[in-house]
Every structure is written in C-alpha cells, then in structure tokens.
Amino acid sequence: MRRILPALCATALFLFSAACTSEFDGSRIGNDSEFIMEYKILNKTDSQSLKIQSGDTIIAEIIVNGGTLAIKIQKDGEPPIYEQSVISSSGKFDLTVDESGIYTVTVSGTNAKGSVSFTVDSNEHIKMPAA
C-alpha cells in the first residue's frame with residue numbers, strides 16, 4: 001500500500017496539471033477581409049477564410065512573445081501561397097495574390113503568446129489616371 005499511494009498521487013497530479021493546460025486565452029476577430037488574434041496562450045489551430053480578388057494584398061503582422069507558431073495561407077485544393085512551420089520571432093510581410101478566390105489562413109500555436117493580424121488590402125482604391 002505504501003508504494004501504491006505515491007504512484008496514485010503522482011498520476012493524479014499529472015492528470016490535474018494536464019487538465020489545467022489552456023488551449024486559448026485571448027481574443028479573435030474574423031470576417032471576409034481580416035483575421036486578427038491576440039492571445040496570452042495559444043495551443044491549438046484556428047483558421048479563417050478570406051475573400052480575395054486578384055491583385056489584392058494580404059498584410060500580415062506576427063508578434064511572438066513566447067512559444068512558436070505555424071502559418072499557412074492556401075486556396076482550396078491548391079498548394080499554399082505561404083507556409084512557415086516554425087515561427088519563433090516577430091515579423092511583417094505583404095503577400096500579393098494573383099488569383100481571385102477564397103483563401104484560408106491557418107494559424108497553429110504551441111505555448112504561443114502574442115498576436116497575428118492578416119488584413120486584405122483591396123486594389124480597388126488604385127485608380128489609373130484618365131488619358
């Protein structure tokens with residue numbers, strides 16, 4: 001009995017600590033033209049579909065205050081137009097899209113702290129001068 005009690009206590013402690021691990025503690029905003037997450041902890045995968053026209057630009061800002069992220073941007077059934085499997089530092093990038101369609105932005109975190117922002121900048125505001 002004396003040998004079983006410490007083993008039971010250790011098992012109970014392990015299960016309790018595993019149950020307390022949070023998948024997500026933060027905020028999320030998503031629609032057809034943006035995907036923004038701020039989090040104290042991210043231990044899951046989340047995604048958002050963005051409606052993008054040819055020539056539009058995805059403006060991305062990634063802030064990593066801890067842990068790691070993986071990001072993929074992909075149109076259904078096609079190879080990703082952006083994919084990074086281990087992101088452990090902050091950064092910004094712009095990605096101009098050549099083909100119109102619905103693109104899915106997928107973010108996965110492992111003990112991640114920080115934020116991500118993906119915003120579609122439409123090319124509609126660019127006007128050619130009259131001749």
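Check the range 91-98 and report whether any residue there is acidic (Asp, Glu), surrounded by fewer than 16 Cβ atoms within 10 Å (Cβ to Cβ) and either more than 11 Å from the chain's Cα centre (by Cα) or closer than 21 Å to Ser33 by Cβ (or both).
Of the residues in the range 91-98, the ones acidic (Asp, Glu) are 94, 98.
Right, trim to surrounded by fewer than 16 Cβ atoms within 10 Å (Cβ to Cβ) and you get 94, 98.
Adding the requirement that they be either more than 11 Å from the chain's Cα centre (by Cα) or closer than 21 Å to Ser33 by Cβ (or both) leaves 94, 98.
Yes, the range 91-98 has at least one match.
Can you list residue pairs whose Cβ atoms sit under 9 Å apart, with the first residue in the range 100-117 being more than 12 Å from Ser88 (Cα to Cα) and of a type outside the set (A, V, I, L, M) and the second being surrounded by fewer than 24 Cβ atoms within 10 Å (Cβ to Cβ) and modelled with pLDDT under 95? Count only pairs 6 or more apart in sequence or on different chains.
Qualifying pairs under 9 Å: Gly101/Asp76; Tyr103/Asp76; Thr104/Asp76.
What are the pairs, 6+ residues apart or on separate chains, where a residue within the range 68-87 that is under 15 Å from Gly101 (Cβ atoms) has its Cβ under 7 Å from a residue that is hydroxyl-bearing (Ser, Thr, Tyr)?
Ile73/Tyr82; Ile73/Tyr103; Gln74/Tyr103; Gln74/Thr104; Lys75/Tyr103
The values are calculated or read from the model by the stated rules, or taken from the named source; none is laboratory data. Please read these numbers as outputs of a predicted model, since none were measured by experiment. When we count neighbours, we look across all protein chains shown, and the Cβ atoms used for this are built from the backbone with ideal geometry, even at glycine.
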